[in-house]
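The values are calculated or read from the model by the stated rules, or taken from the named source; none is laboratory data. Just so it is clear, the model here is predicted, and its values are computed rather than measured. Every residue, glycine as well, gets a Cβ built from its backbone with ideal geometry; the counts of neighbours run over all protein chains shown.
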Amino acid sequence: MKITRIACYNILGLALLLSWWLPHFPFWSTLDDDIFWFFNQTLSITDHPLWTTLVAVLNNRDFDIASFLALAAVFAWAMRLDTRPERLKRWSAIGVSMLVTAGLLSLLVNKLVTYGHPSPTLTHSGIHLLSQEVSFATKDRSGNSFPGDHGLMLMTFTAFMWHFAGRRVGLVSAVLAVALSAPRIIGGGHWFSDVYMGALAIALLSLPWVLCTSLANRMAAWLQRSLERLASRFHH
């Protein structure tokens, strides 16, 4: 167990929460408003047709398929870089471990996080709504946008890639996480702090206990052995 690393990550997560919770330190609320208004004023089909259409497309439900394919490509790249034998079974086990971790984390967040707030598009008036600017379906609002669940899942993917595939794949995953979470913020479906305070704080507080201990490695190893036994039964 890398207790020093866990402590550092947890302290960073607590510091983020504290910086948001302090009532006389309006850093996050000011930053949230500034970022929202900076982008929202550009979301006009009349003044910025290409940009507005692009942001609307990126917030369309079907774009989630493209996001999944991008993550799958990084996962396949990580597997290809692994020169160890039985890499297919190993990375299948890692993938299942990651999905189990993400699912349990999402469940815990839904059960334990009682605070919530609406998206900026439901908070401010006199704004541009993507759904009113374009003629196709796009997500531009949420009754409860905290924490950024989409961002938290992307951070979980990044953390697993960094741990199991190394720094190069981890950095690419981190850039991809930022890029894929940005449309929600630009379109007004999430506040900036939903992702880079809420989701990031949760990731820093929880994921180190999975990845900086033996838990993730043991879970992946157990799943790999289970897959090997299953394959052996089919072979015979």
Determine whether Thr138 is closer than 18 Å to Phe36 by Cβ, β-branched (Val, Ile, Thr) and out of contact with any strand residue (DSSP E or B) (no Cβ under 7 Å at 6 or more places or on another chain). yes
Can you tell me which residue in the stretch 206-219 is modelled with the highest pLDDT, limited to those that are small (Gly, Ala, Ser) and crowded, with 21+ Cβ neighbours inside 10 Å? Ser206
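Does Leu54 count as assigned to a helix (DSSP H, G or I), over 20 Å from Val172 (Cα atoms) and modelled with pLDDT of 95 or more?
Values: assigned to a helix (DSSP H, G or I): yes; over 20 Å from Val172 (Cα atoms): yes; modelled with pLDDT of 95 or more: yes.
Yes; evaluated as a whole, the condition is true for this residue.
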Can you tell me how many residues in the stretch 60-93 are without any contact (Cβ under 8 Å) to a residue 12 or more places away in the chain and within 24 Å of the chain's Cα centre (by Cα)? 10
Could you pull out the residue among Ser131, Ser125 that is in a loop (DSSP other than H, G, I, E, B), at pLDDT below 95, closer than 23 Å to Gln41 by Cα and of a type in the set (S, T, N, Q)? Ser125
List, please: which pairs have Cβ atoms under 9 Å, are six or more places apart or on different chains, and start with a residue in the stretch 11-37 that is within 13 Å of Tyr196 (Cα to Cα) and end with one that is surrounded by 12 or more Cβ atoms within 10 Å (Cβ to Cβ) and basic (Lys, Arg)? none
For the stretch 134-161, give me each residue that is without any contact (Cβ under 8 Å) to a residue 24 or more places away in the chain and assigned to a helix (DSSP H, G or I). Thr158
His24 fails exactly one of (1) under 21 Å from the mean Cα position of the chain (by Cα); (2) assigned to a loop (DSSP other than H, G, I, E, B), namely (1)
Sole miss for Ser226 among (1) surrounded by 14 or more Cβ atoms within 10 Å (Cβ to Cβ); (2) part of a helix (DSSP H, G or I); (3) of a type in the set (Ser, Thr, Tyr) is condition (1)
